[in-house]
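So the structure is just underneath, and the comments pick up after that.
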Amino acid sequence: MIHRNRDLRFSRAPFFIRVFLPAVLLIALFAPMNFVLVTPGPATALFPKVLSLEESNEIDVYPVKGQLNLLTIYITNPESYVFGAEILGCWAWGDCVAMPRSVLYRDGATNDAEIKTGKKEMVKSQNVALAAAKAAITRNFNGINLAGVKDSSVKVSLKNTGGPSGGLIFSLGLVDLLTPEDLLQGRNIAGTGTISIDGTVGPIGGVTEKIIGAKRAGATILFISTQNCSELPAKVEGIEVIAVEKIDQAIKYLRQPFSPEKTKGEELNSAGIRGCASVGA
């Protein structure tokens, strides 16, 4: 008896498929893509090296008992190539985001132009942060003389970082330096968000990546803008995320008596976040 194997001719893929598919995969992995990658950057401690005030007879500067962290993200430069393998790795490890280049950069954007823009935004953010801090102190603290505090009084030492997202944390740092009350109470705190002179905290990009950066820095609290609530993960663990509309809300929270043993309050929603009615997925 002869057994005929009808499937024999299908036991091997046709030659062109065996050659063509691996070639396509190799091209996809190593060809440059029109994407940029956003990854968590290091957290930078403000005190004592990054942010300080020039002491004088007209300015009282108070000691800080704790730490505030400025959060950063790494973004692929507009002229850099991103390869398919990098995007695949980003998806596999889950600690970065790949997005179309057009989302972050205008047509014709260059590395030099983006760096210059980022530095200008950072300087402007620092100036606005001082104005916002002075206004917040006037609203929330009595008897603080700020007449001698000017832009030139603020000393910021921060290299290779740009953008406006440090506004909130700079303002909180200046409030702590200019008021006798111990706001930080020994805590390690992070924050991200733009700031307006009236104290409004604006949204920033890369909030999920900044949560990762804050946790890596050992921060127990992270302040963000309520306008970023929809971009938060469905669950946050290992850090208390507090969304605020105004800097005054952050100050009010920090002024509450703190005990390491205290139970986290009822205001936490199911995602472990304060200040957000709902969060994204």
Take LYS49 and GLN256, extend 7 Å from each Cα along the Cα→Cβ direction, and tell me the distance between the two endpoints in nm. 3.4 nm
Burial-style ranking of 204-210, 164-170, average other-beta-carbon count within 10 Å with highest first, yields 164-170, 204-210
Measuring from label point to label point, each 7 Å out along Cα→Cβ, what is the ALA234 to PHE141 span in nm? 4.3 nm
With x for Gly and Pro, the residue-by-residue ³J(HN,Hα) of the stretch 129-142, computed from phi through the Karplus equation 6.51 cos²θ - 1.76 cosθ + 1.60 at θ = phi - 60° and given in whole Hz, is 4, 5, 4, 5, 5, 4, 5, 5, 5, 4, 6, 10, 10, 9
Using mean Cβ contacts within 10 Å as the protection proxy, how do 232-242, 67-77 order, highest first? 67-77, 232-242
What's the ranking of 189-198, 174-183, 221-230 by average number of surrounding C-beta atoms within 10 Å, highest first? 189-198, 221-230, 174-183
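Values in this text are rule-based calculations from the coordinates and carry no lab data. Everything numeric here is computed off the predicted structure, so don't read it as measured data. We place every Cβ from the backbone using ideal geometry, glycine too, and count neighbours over all the protein chains shown.
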